[in-house]
Amino acid sequence: MSYLRKQPATVEHSYAQRVPGQQTPATVALRRAGVAFTVHEYSHVAGTTRYGEEAVAALGVAAARVFKTLVVRVDERLAVGIVPVSATLDLKALAAAVGGKRAALAEPAEAARATGYVIGGISPVAQRRRLPTALDRSAADCDTVYVSAGRRGLQVELAPADLLRVTGGVLAAIAGH
């Protein structure tokens with residue numbers, strides 16, 4: 001389903017009643033920001049921990065277009081790195097992109113607390129705490145990218161420029177291979 005919010009806010013309530021499984025803080029925030037996006041839902045297999053690869057297989061899109069959201073501790077604060085599921089996160093590059101020196105992946109419980117989302121469903125959009133965010137520069141090569149919509153089995157497809165705008169993020173070379 002594609003959305004471009006041009007209707008009054010009361011439409012959101014009726015939308016939530018029609019499609020309750022696709023209503024998340026991320027989709028609400030994207031609609032409020034007037035961002036054009038498409039929701040893609042698929043069946044998440046319980047016990048799967050390779051969430052990004054699962055999305056690639058279920059949606060049948062190139063892994064270079066599906067991005068994972070990783071929460072990282074940079075010096076004494078949390079930050080977010082968004083990289084293709086086929087890549088690793090270059091922690092040193094992420095630290096530099098958000099103005100830090102040292103970085104390590106955050107503990108899963110800490111990531112869930114800070115974002116308000118479950119592991120495997122962390123969206124870079126509408127997190128509980130707005131964290132410094134960097135999107136890998138490879139996203140600029142794509143017309144649209146896929147990121148979690150805020151729960152396992154739900155992705156949003158949107159333009160990289162819109163993702164940067166709604167997250168306040170920066171484009172940087174943060175993917176390792």
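Read-outs throughout are calculated quantities, based only on the coordinates presented, and are distinct from any laboratory measurement. Computed from a predicted structure; not experimentally measured. For neighbour counting, all protein chains shown are included, and Cβ atoms are generated from backbone atoms with ideal geometry for every residue, glycine included.
Each 10 Å bin, from zero up to the one with the longest distance, holds this percent of the alpha carbon pairs of the chain: 10, 40, 37, 11, 1. When only the Cβ of Lys, Arg, Asp and Glu is charged (+1, +1, -1, -1), the dipole of region 2-176 relative to its Cα centre reaches about 500 debye. Rg and Dmax of region 64-105, based on Cα coordinates, read 10.0, 31 Å. Listed from fewest to most Cβ neighbours within 10 Å, the set Phe37, Phe67 follows the order Phe37, Phe67. Ranked for footprinting exposure by Cβ neighbours inside 10 Å, fewest first, Tyr117, Tyr42, Tyr51 give Tyr42, Tyr51, Tyr117.
Taking K and R as +1 and D and E as -1, what net charge do the other residues with C-beta under 14 Å from the C-beta of Ala173 add up to?
Charge balance in the 14 Å sphere: -1.
Seen from Val80, the other residues with C-beta closer than 13 Å to its C-beta sum to a net charge of +4, counting Lys and Arg as +1 and Asp and Glu as -1. Taking a label point 7 Å from the Cα of Ala173 along the Cα→Cβ vector, which residues of region 91-131 have an amide N closer than 18 Å to it? Flagged as within label range: 91-100.
Residue separation times 0.36 nm, minus the C-alpha to C-alpha distance between Cys142 and Tyr42: what's the value?
33.8 nm
Residue ranges 56-65, 165-174 sort as 165-174, 56-65 when ordered by packing (mean number of other C-beta atoms within 10 Å per residue, highest first). Ordering 82-91, 137-146 by mean Cβ neighbour count within 10 Å, with the highest value first, yields 82-91, 137-146.
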